[in-house]
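Enquirer: Dropping the structure in here first, questions after.
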Amino acid sequence: MNAHIDPVCGMTVDPASAAGTFDYEGETYYFCSQSCLRKFSADPQAYLNRLPQPSAMRNVMTQPFAQLSGRPSPPPVISPASANVEYTCPMDPEVKQTVLGACPRCGMALEPVTPVSPATKTDYVCPMHPQIVRDGPGSCPICGMALEPRVVTLEEEENPELKDMKRRFWTSVALTLPNAPSDRARRAGQLPDLR
């Protein structure tokens, strides 16, 4: 796939389906729409000065072009723990990379080869003195009771407020439905309006 980047909006453009082209200083630029072509042809230098250099275009699909403020976003930070993760394309399993990004063949987002398990940690806490927290089992130094395990996880727990809102929503829908036929009949003039 011989794709090019639209210098105005940053979209990936296939030359065969480009909405337009523009030759400038010996280089042909491809555009996703006529609007981008008009903007570029009015002032090419304004768009070329802000284009990233080819060495900086390692992963165009995962880097945001600008924040709401209009300033460029900082590059993503890769933690050392995620540096040894291998990524593959769900549609092209033979494509493997060590950097998260887009598949070079189809453009889909790459996914980890082995899903990363959620990080959990087990602490041991005294039921009578919650300030006593240890890494392993044992007894409380204050009261002597056995420490009980407490699992800390990064997974998000069920939100009780969201659960309550869903329950109230569906209850109100159920209470509203019996009134719908009589309301339609009243509007059609079949029932008298008693309001």
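The values are calculated or read from the model by the stated rules, or taken from the named source; none is laboratory data. Values in this document were obtained by computation on a predicted structure and should not be read as measured data. For neighbour counting, all protein chains shown are included, and Cβ atoms are generated from backbone atoms with ideal geometry for every residue, glycine included. Ligands, DNA and RNA are stripped out before the accessible areas are found, and what is left, the full protein with its side chains, is counted by its heavy atoms. Shrake-Rupley method; radii C 1.70, N 1.55, O 1.52, S 1.80 Å.
Enquirer: Need the list of lysines near LYS121 for cross-linking: C-alpha distance under 30 angstrom, and skip anything on the same chain fewer than eight residues off.
Expert: Answer for LYS121, where 30 Å is the Cα cut-off: LYS163, listed by chain and number.
Enquirer: So how do 96-104, 137-145 stack up, highest first, on mean other-Cβ count within 10 Å? Let's see the in-between values first.
Expert: Numbers: 96-104: 14.4, 137-145: 12.0.
The densest-packed peptide leads the list: 96-104, 137-145.
Enquirer: Now a separate question. Go through THR88, THR120 and list them by solvent-accessible area, largest first, probe radius 1.4 Å. Before the final figure, lay out the partial values.
Expert: Values: THR88 25, THR120 90 Å².
Final ranking, largest accessible area leading: THR120, THR88.
Enquirer: Okay, next question. To the nearest 10 square angstrom, what accessible area does GLU94 show with a 1.4 Å probe?
Expert: The accessible area of GLU94 comes to roughly 120 Å².
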